[in-house]
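Report on the following structure.
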Amino acid sequence: MSKEFETTKDILIPVDPLQRIIGQDQAVNVARILSRQKRHLLLVGPPGTGKSLIAQAISTVIQKPKQEISILQNQLNPERPLVEIRSEQQVMSDFVKNIQLGKIVSAAQVPTFVGEKLGFRCKRCGGLSSSSVSLCPHCGSEKFAPYTDKILDPYSSQLETPYSGAFRVYTNRIKPDGKEEQIIYERTPDGKVNILSQSDLRKIESLNKKTPRKVLIQLNRSTFVQATAASETELLGDVKHDPYGGHPQIGTPAYLRILPGAVHEAHEGVLFIDELATLVHLQKFILTAMQDKIFPIIGRNPTSSGASVRVDAVPCDFILVGAANITDLQHIIPPLRSRIKGDGYEILLNHFMPDSPDNRRKIAQFVAQEIIRDGRIPHVTFDSVEELINEAKNIAKTIDDINGLTLRLRNLSGIIKLAGDLAVLEQSEFIELKHVKDAVKNAKSIEEQVHEKYDNWWKAGSADHGFKSTKAGPETA
Ligand SMILES: Nc1ncnc2c1ncn2[C@@H]1O[C@H](COP(=O)(O)OP(=O)(O)OP(=O)(O)O)[C@@H](O)[C@H]1O
Ligand SMILES: [Mg+2]
């Protein structure tokens, strides 16, 4: 690659999150169709090739949700609360009734830290943007990532914990008469900030109380919901237990105990299920939810008082993005796969790309992106980028025995972060060649380290048990 930049600082990072995905053109094209046509997608590929990243990117390019879902008290049959779907206009008009109580200002007019907490202001560059966008469009960094007190984990994906900022921020101010007063900043559905005093808030709350309802799914919400195989409750919702069984005087009414599942939270958004195959028996529920676009919420613990409560027809019209490894594909139930195929796409991700000047440029773009995303490490010099490209070749050769540039980019990302930490330790302005070389050495997996230190697993195992490690095999000490 000819010297096209001095450091990665000179590399322009695309604003479009889909353009930040490198080497997966087919998946990116499908992602664009998906976001417009509301189809489903199964991404299959080795770890660290961008499955989660693609799912996230889709959620940032789809339309904003237009419905708010509430659970209403059913006076006649309290254990069968009702569902109410309100359009954006209805929510807004109700909201307008309330806002006369406070003062509405733009996100630029509130204190910086309030803007940050509400999700409008980027902590890194200070730029303002919509609270539902998690990557800052001005500098490309993760908007909600704290600068410090974060445990360094080069292999974790920060994108996997989307967060759209707080709804309310409480602050105190000293009034001219010396008394302290609480000020509440509240994010409005149209991206402004409502400034309220404590008494305003009480009035709003009492207004809301007139209709016994609970907003289950907010209008202003994240369009990315990740579900794990951890529990049925998390995926499908539940009804909280009440020791007083919803007794009218001392219990909590059933409609307040309804908890949405990930399928409901993903309504009008992306439901991302990593390792879809591990969901085993839950897969058939996903299938039903996809087909019906509604899913009842019931109490899932038979010994709980929630077991007698049921809310029918809670909407769950989501785009399913499932991820799986090639070997796990067989554990996805055929009707679910056929549903995805019939109404969407199955994509096998690339694990490498040919070594060409264009693709080398893409790796350089990737390096620049990782620096910005991390936010705590300096930019990389041209020579070091070349070294990282060589490492991308090495990884392709050692892991996949292929001549090309690896797309197992989490591995490369780990090396960039390690090199960055070394540069930070040395207070170096940039990540230099030596930092990358040292990082490559440090980034070796336990298997590689065992190979270097012990030659083979047999000897390593003997050392583990306090045996002498000799060529002849283990002997008791
Ligand atoms: N194609 C890509 N383009 C740009 N960055 C990528 C790409 N693939 C991976 N990355 C980088 O590697 C990190 C890990 O990727 P991601 O979490 O999306 O992988 P994954 O396929 O979901 O892995 P796993 O199977 O372990 O869940 C991303 O946060 C990103 O920094
Ligand atoms: Mg993933």
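The values are calculated or read from the model by the stated rules, or taken from the named source; none is laboratory data. Everything numeric here is computed off the predicted structure, so don't read it as measured data. Cβ sites come from the backbone with ideal geometry, for glycine too, and all protein chains shown count toward neighbours.
Restricting to the range 247-287, count the residues that are more than 16 Å from ligand 1 (Cβ to nearest atom), under 21 Å from residue 57 (Cβ atoms) and assigned to a loop (DSSP other than H, G, I, E, B).
So the count comes out to 4.
If you go through the range 344-364 one residue at a time, do you hit one that is modelled with pLDDT under 95, basic (Lys, Arg) and surrounded by fewer than 19 Cβ atoms within 10 Å (Cβ to Cβ)?
no
Yes/no matrix, rows are residues, columns are (1) crowded, with 16+ Cβ neighbours inside 10 Å; (2) of a type in the set (Gly, Ala, Ser); (3) in contact with a Ser or Thr (Cβ under 9 Å, 6 or more places away or on another chain):
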site	(1), (2), (3)
311	yes, no, no
315	yes, no, no
321	yes, no, yes
327	no, no, no
331	no, no, yes
341	no, no, no
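Suppose we keep only residues that are buried (at least 21 other Cβ atoms within 10 Å of the Cβ) and among the polar types (S, T, N, Q) within the range 13-51. Which one would you say is nearest to ligand 2 (Cβ to nearest atom)?
49
Which one of these is of a type in the set (A, V, I, L, M, F, W, C) and either out of contact with any strand residue (DSSP E or B) (no Cβ under 8 Å at 6 or more places or on another chain) or at positive phi (or both): 42, 18?
The unique qualifying residue is 18.
I want to confirm something. Restricting to the range 54-78 and keeping residues that are of a type in the set (A, V, I, L, M, F, W, C) and surrounded by 22 or more Cβ atoms within 10 Å (Cβ to Cβ), which single residue is farthest from residue 134 (Cα to Cα)?
It comes out as 71.
Might you check whether a residue that is of a type in the set (Gly, Ala, Ser), within 16 Å of ligand 2 (Cβ to nearest atom), touching a helix residue (DSSP H, G or I) at 6+ places or on another chain (Cβ under 9 Å) and in the same structural domain as residue 286 (by TED's automatic domain parsing) occurs anywhere in the range 323-345?
Taking every residue of the range 323-345 in turn, at least one turns out to be of a type in the set (Gly, Ala, Ser), within 16 Å of ligand 2 (Cβ to nearest atom), touching a helix residue (DSSP H, G or I) at 6+ places or on another chain (Cβ under 9 Å) and in the same structural domain as residue 286 (by TED's automatic domain parsing).
Out of 270, 309, 280, which single residue is in contact (Cβ under 8 Å) with a residue 40 or more places away in the chain and within 16 Å of ligand 2 (Cβ to nearest atom)? Write out each step before concluding.
Values: 309 fails: within 16 Å of ligand 2 (Cβ to nearest atom); 280 fails: within 16 Å of ligand 2 (Cβ to nearest atom).
None of the other options fit; the residue is 270.
For residue 370, state whether it is under 17 Å from residue 21 (Cβ atoms), of a type outside the set (A, V, I, L, M), touching a helix residue (DSSP H, G or I) at 6+ places or on another chain (Cβ under 8 Å) and free of Cβ contacts under 8 Å to residues at least 60 places away in the same chain.
Spelling it out, residue 370 is indeed under 17 Å from residue 21 (Cβ atoms), of a type outside the set (A, V, I, L, M), touching a helix residue (DSSP H, G or I) at 6+ places or on another chain (Cβ under 8 Å) and free of Cβ contacts under 8 Å to residues at least 60 places away in the same chain.
Within the set of pairs 6+ apart or on separate chains, which have a first residue in the range 18-35 that is within 16 Å of residue 323 (Cβ to Cβ), a second that is of a type in the set (Val, Ile, Thr) and part of a loop (DSSP other than H, G, I, E, B), and C-beta atoms under 9 Å apart?
If the second residue must be of a type in the set (Val, Ile, Thr) and part of a loop (DSSP other than H, G, I, E, B), the pairs left are 24/49; 27/21; 28/21; 31/21; 34/62.
Identify, from the list 192, 214, 117, 203, the residue that is at pLDDT below 75, away from ligand 2 (no atom under 16 Å from the Cβ) and either basic (Lys, Arg) or touching a Phe, Trp or Tyr at 6+ places or on another chain (Cβ under 8 Å) (or both).
Unique residue meeting the criteria: 203.
How many residues, within the range 126-142, are assigned to a loop (DSSP other than H, G, I, E, B) and either hydrophobic (A, V, I, L, M, F, W, C) or out of contact with any Lys or Arg (no Cβ under 8 Å at 6 or more places or on another chain) (or both)?
Matching residues across the range 126-142 total 7.
Answer yes or no: is there a residue in the range 111-123 that is surrounded by 18 or more Cβ atoms within 10 Å (Cβ to Cβ), of a type in the set (D, E, K, R), within 16 Å of ligand 1 (Cβ to nearest atom) and within 24 Å of residue 13 (Cβ to Cβ).
The answer is no; no qualifying residue exists.
Within the range 311-331, how many residues are more than 16 Å from ligand 1 (Cβ to nearest atom) and either hydrophobic (A, V, I, L, M, F, W, C) or at pLDDT 95 or above (or both)?
8
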